[in-house]
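What follows is a single structure, written as structure tokens, with notes after it.
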Amino acid sequence: MLDALAREPTDIIERAFQTILRNRVQRGGIMAPGAGLLKEGEKGKGLASRWYPETLVKRLLYIRALADLGRLAFTEGDALQAIASAPKNAFLFVDPPYTAGGKAAGQRLYALPAIDHARLLDLIAAHQGPVVATYDDNSEIRQMAAERGIEIRPARMKNTHHAEMTELLLVRNLPA
């Protein structure tokens, strides 16, 4: 496994495999450089607790089918530019680095953690289609979202230490 992660990928298929493997074997699925490897896994199952190839294949095939139908697109590049130029009825899922309000996790976990959160929330507020954005629960984001008329919904979650936490879902224009 470590050999597969250490090799320089020779093509896009190998890079994709390394990305999936890294997501599955690094602790909590954290992809940042220096993230630790999974040790015991869930219920002591080790890698088997995060490596279920049949399910992963089904998910990837479903994603591919949606993309082939033109119903799903992934964009690599400047997120703010992509959101600003998205079709007006596109459903947007936005998962920015958690760096607002001085949050340190986003600084550690992302290669490019800097983002203009106010500009991002302006774009979310202006988008005519449905939007769901995830955010760390902090007063700065709550205030900026409220000022822009973006609905805030708390979402319970567990972190990699299994501690229960609350994150925020910022929601706009969801169908009833």
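The values are calculated or read from the model by the stated rules, or taken from the named source; none is laboratory data. Bear in mind the structure is a predicted one, so any value in this text is a computation, not a measurement. Every residue, glycine among them, receives a Cβ derived from its backbone with ideal geometry; neighbour counts consider all protein chains shown.
Numbers for the structure displayed
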quantity: Residue list for segment 40-77, filter: modelled with pLDDT of 90 or more, among the aliphatic types (A, V, I, L, M) and assigned to a helix (DSSP H, G or I); calculated: Val57, Leu60, Leu61, Ile63, Ala65, Leu66, Ala67
quantity: Matching residues, segment 78-94, being part of a loop (DSSP other than H, G, I, E, B) and either in contact with a strand residue (DSSP E or B) (Cβ under 7 Å, 6 or more places away or on another chain) or at positive phi (or both); calculated: Ala86
quantity: Members of segment 110-151 that are under 15 Å from Asp95 (Cα atoms) and hydroxyl-bearing (Ser, Thr, Tyr); calculated: Tyr110, Thr134, Tyr135
quantity: Every residue from segment 159-170 that is more than 15 Å from the chain's Cα centre (by Cα) and outside any loop (DSSP other than H, G, I, E, B); calculated: Glu164, Met165, Thr166
quantity: Some residue of segment 121-132 being in contact (Cβ under 8 Å) with a residue 40 or more places away in the chain, within 17 Å of the chain's Cα centre (by Cα), within 24 Å of Asp78 (Cα to Cα) and in a strand (DSSP E or B); calculated: yes
quantity: Meets criteria (surrounded by fewer than 15 Cβ atoms within 10 Å (Cβ to Cβ), among the small types (Gly, Ala, Ser), over 16 Å from the mean Cα position of the chain (by Cα) and under 25 Å from Ala84 (Cα atoms)) for Ala145; calculated: no
quantity: Residues of segment 1-24 satisfying the condition of being of a type in the set (Val, Ile, Thr) and either in the same structural domain as His162 (by TED's automatic domain parsing) or farther than 14 Å from Leu56 by Cα (or both); calculated: Thr10, Ile12, Ile13
